[in-house]
Structures are given as C-alpha cells and as structure tokens.
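The values are calculated or read from the model by the stated rules, or taken from the named source; none is laboratory data. Computed from a prediction, not measured in an experiment: that's the story for all the values here. With ideal geometry, Cβ positions are generated from the backbone for all residues, glycine too; neighbour counts draw on all protein chains shown. Ligands, DNA and RNA are stripped out before the accessible areas are found, and what is left, the full protein with its side chains, is counted by its heavy atoms. Shrake-Rupley method; radii C 1.70, N 1.55, O 1.52, S 1.80 Å.
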Amino acid sequence: MFTSVDDVSARLAETGYLASPAVATTVFLADRLGKPLLVEGPAGVGKTELAKAVAEVADARLVRLQCYEGVDESRALYEWNHAKQLLRISAGRDESWDETRTDIFSEEFLLTRPLLTAIRGDDPKVLLIDETDKADVEVEGLLLEVLSDFQVTVPELGTITATRRPFVVLTSNASRELSEALRRRCLFLHIGFPDEELERRIVRLKVPGLDEALARSVVRVVGALRAMDLRKVPSVAETIDWARTLLALGAGTLDETVVRASLGVLLKHQEDVLKASAKLDLDAL
C-alpha cells in the first residue's frame with residue numbers, strides 16, 4: 001500500500017489523520033512485513049481512527065470486530081443459520097439424512113462473522129479488532145489461529161485460507177495484559193497524547209473555523225488538565241469537541257467564565273471538574 005514512511009504520512013494526512021513519525025514508521029513496516037499491528041494507548045487518542053484512515057487510503061473494506069466481555073467464536077468467526085437449516089430439514093422430509101446434512105452444512109447456511117469475512121475474497125480489506133483487551137482470554141486463542149496463518153478451520157467445510165491477507169489492526173486500552181503469544185505475532189505501537197504542536201495541528205485540521213491563537217490556548221489548557229491528578233484526563237477527541245464547543249459559543253478568547261461553563265465537555269467526572277476549577281490558572285498558561 002505504501003512506498004515509504006513519508007508516503008504513509010502524506011496519504012494519511014489526506015484523510016485527515018495527522019500521524020507522528022513513530023506512527024507512520026510502524027504502519028509502513030506493518031504493511032511491508034505483512035504483520036498485524038497492535039496499537040495500545042489511552043482512549044480517544046486515535047487508535048481506531050488509524051485503522052479507518054488506512055482503509056480509506058487503501059480503498060479497502062473495513063471489517064470491524066468490536067470486542068467485549070463474552071464475545072465468542074459465533075460472534076467473532078462464524079455460526080450456522082439454525083433457523084434456515086430447520087426450514088430446510090422440514091422441507092426435505094422425504095430425503096435421506098446424508099443428503100440433507102450435505103446441504104444444510106454448505107455455504108448457503110453459513111453466517112460469516114468479522115474474522116472469517118476478513119480472510120475470504122480477493123478484495124483489499126483492513127481488519128480492525130477493536131478493544132482487544134475487553135475480550136475474554138479464551139478469545140486470544142482464536143485470534144492466534146487467524147493471525148498466525150490467516151486461515152480458519154470450519155469442520156463441516158474444511159480449512160479456509162486467505163488468498164489475500166488483510167491489513168490487521170488490533171487496539172487495546174491496556175485494561176488487562178494481552179498474552180505474550182499474541183504480542184509476538186504483532187508489531188507494537190503505543191499512541192499517547194500528542195505533543196503540543198501536533199495537537200494544535202490536529203485541532204486546526206478538525207475545526208478549521210478556530211483561529212490560531214484560540215487553538216493554541218485550547219491545547220495549553222488541555223495540557224494543564226492532563227498534568228493534574230484526575231480520574232480521567234481529556235483525550236484528543238475531547239480536545240476537538242471542546243474546540244467545536246468554543247466555536248459554537250462564539251468565544252474569541254479563553255476566560256474563566258467560558259472555561260468553567262464548558263469544562264463538562266473535557267471532563268466526565270464531577271470530582272475532576274471541581275479539582276480543575278480549583279487548580280486551573282489561566283494566567284499561568
């Protein structure tokens with residue numbers, strides 16, 4: 001997909017994703033080496049958006065597996081359409097069981113889920129396995145089979161092997177440790193909060209109506225909040241939301257009244273709002 005690290009940066013920027021040198025380099029290597037990309041970092045820093053941007057750049061289909069506690073093989077890989085199978089069995093009462101069994105365990109009755117969908121077909125795909133750390137540990141065994149050989153075994157149909165491997169992105173908020181076996185199969189990338197200059201550029205790109213001076217002030221206030229001992233510090237997504245809020249309010253500058261009235265856009269817990277209201281010193285920024 002990419003010819004160089006600079007090509008990654010330039011093409012992702014065209015989609016509205018401003019990648020740091022570390023992000024661009026790791027995406028290039030994942031593409032060139034054909035290895036899955038494991039992206040860790042706090043919520044709201046652009047892990048999921050990275051996969052979406054790569055899919056847009058590559059003109060590829062985005063296949064997303066949203067992980068959660070309790071997700072299993074039937075939700076991640078495949079399951080059989082039992083209702084349709086029962087109808088087929090009822091309609092073929094005069095047939096032998098061997099004839100019926102051959103029919104009901106065919107492609108027509110197979111419901112493909114994200115992992116199987118991603119390795120079938122010749123069209124380009126980006127497989128996003130989102131919030132991998134929220135899935136049960138047992139699901140990692142399933143991921144290992146798919147990500148090591150890019151093949152899936154369906155007992156009734158045999159082994160299905162990818163004819164064109166997808167670009168794979170796994171994201172994690174590090175709420176639990178992923179297994180070393182899974183990590184070994186991936187290139188690792190940590191996306192933290194961007195530096196002040198990159199975040200300012202992101203804000204200006206996403207909120208073009210915001211002037212330069214106000215964008216700088218927004219980023220500095222958010223940086224000061226992140227330096228506090230808060231229950232949840234503002235993410236990049238919340239920085240952008242706050243910039244849009246200020247634009248909607250018609251605020252030309254940041255003053256104490258405007259900041260206090262809109263802190264709920266940045267902070268999601270009352271204890272954090274109270275702490276920030278007491279400690280935030282706009283004159284010192």
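For Cα pairs less than 8 Å apart in space and 6+ apart in sequence, what is the mean separation divided by the residue count of the chain, i.e. the relative contact order in percent? Computed value for the chain: 22 percent relative contact order. Based on C-alpha pairs under 8 angstrom that are at least 6 apart in sequence, segment 212-285 has a relative contact order of 41 percent. Rounded to the nearest 500, the helix-only mean residue ellipticity at 222 nm of the chain stands at -14500 deg cm²/dmol, with each DSSP H run of n ≥ 4 adding -39,500 (n - 2.57). Toward the positive end of the charge dipole of the chain, with +1 on the Cβ of Lys and Arg and -1 on the Cβ of Asp and Glu, the farthest Cα among P234, C67, Q151 is that of P234. Against the main long axis of the alpha-carbon atoms of the chain, helix 82-91 sits at an angle near 30°. In this structure the amide hydrogen of H190, modeled in the peptide plane, comes within under 5 Å of the amide hydrogens of E40, none closer than 5 places in sequence on its chain. In a reduced charge model with +1 at each Lys and Arg Cβ and -1 at each Asp and Glu Cβ, the chain shows a dipole moment near 560 debye about its Cα centre.
Using a cut-off of 12 Å between beta-carbons, work out the net charge of the residues near V23 (Lys and Arg +1, Asp and Glu -1, V23 not included). Combined, the nearby Lys, Arg, Asp and Glu give 0.
A simple spin-label model places pseudo-atoms 7 Å from Cα toward Cβ; at D123 and L205 they are separated by 2.7 nm. Counting only aspartates and glutamates at least 8 places from K84 when in the same chain, those with an alpha carbon closer than 18 Å to its own are D94, E95, D98, E99, D103, E107, E108, E156. Semi-axes of the equivalent ellipsoid of the chain are 45, 21, 17 Å, computed as sqrt(5λ) over the eigenvalues of the C-alpha gyration tensor in descending order. Close amide-amide hydrogen proximity is noted between L170 and L37, L38, V39, I129, each under 5 Å apart and 5 or more residues distant or on a separate chain (H modeled in the peptide plane; Pro and chain starts excluded). What is the Cα centroid distance between segment 137-207 and segment 19-83, reported in whole angstrom? Segment 137-207 and segment 19-83 have Cα centres spaced 5 Å from each other. Rounded if a/c is under 1.5, else prolate if a/b beats b/c, else oblate: with a ≥ b ≥ c from the C-alpha gyration tensor eigenvalues square-rooted, which is segment 158-201? The shape class here is oblate. Once C-alpha pairs closer than 8 Å and six or more residues apart are averaged by separation and normalised to the residue number of segment 1-74, the relative contact order reads 29 percent. Projecting the Cα atoms of L187, I160, N173 onto the dipole axis of segment 149-213, where Lys and Arg carry +1 and Asp and Glu carry -1 at the beta carbon, places I160 farthest toward the positive end. Pull up the cross-link candidates among the lysines for K134, meaning alpha carbon to alpha carbon under 19 Å and not fewer than 8 places away within one chain. Qualifying lysines at Cα under 19 Å: K47, K232.
The portion of the accessible surface of the chain made up by carbon and sulfur, rounded to a whole percent, is 50 (1.4 Å probe; DNA, RNA and ligands excluded). Dipole check for segment 102-162: with +1 at the C-beta of Lys and Arg, -1 at the C-beta of Asp and Glu, and the Cα centre as origin, the magnitude is about 120 Debye.
Amide H to amide H distances under 5 Å link G121 with T163, where only residues 5 or more positions off or on other chains count and H is placed in the peptide plane.
Starting at the first residue of segment 129-139, write each ³J(HN,Hα) from the Karplus equation 6.51 cos²θ - 1.76 cosθ + 1.60 with θ = phi - 60°, in whole Hz, x for Gly and Pro. Ordered by residue, 3J(HN,Hα) equals 9, 8, 6, 4, 5, 7, 7, 5, 4, 4, 5 Hz.
Surface analysis of the chain yields an accessible area of 50 Å² per residue, using protein heavy atoms and a 1.4 Å probe. Working note: Karplus 6.51/-1.76/1.60 with θ = phi - 60° gives segment 5-10 the couplings 5, 5, 5, 4, 4, 5 Hz, where Gly and Pro are set to x.
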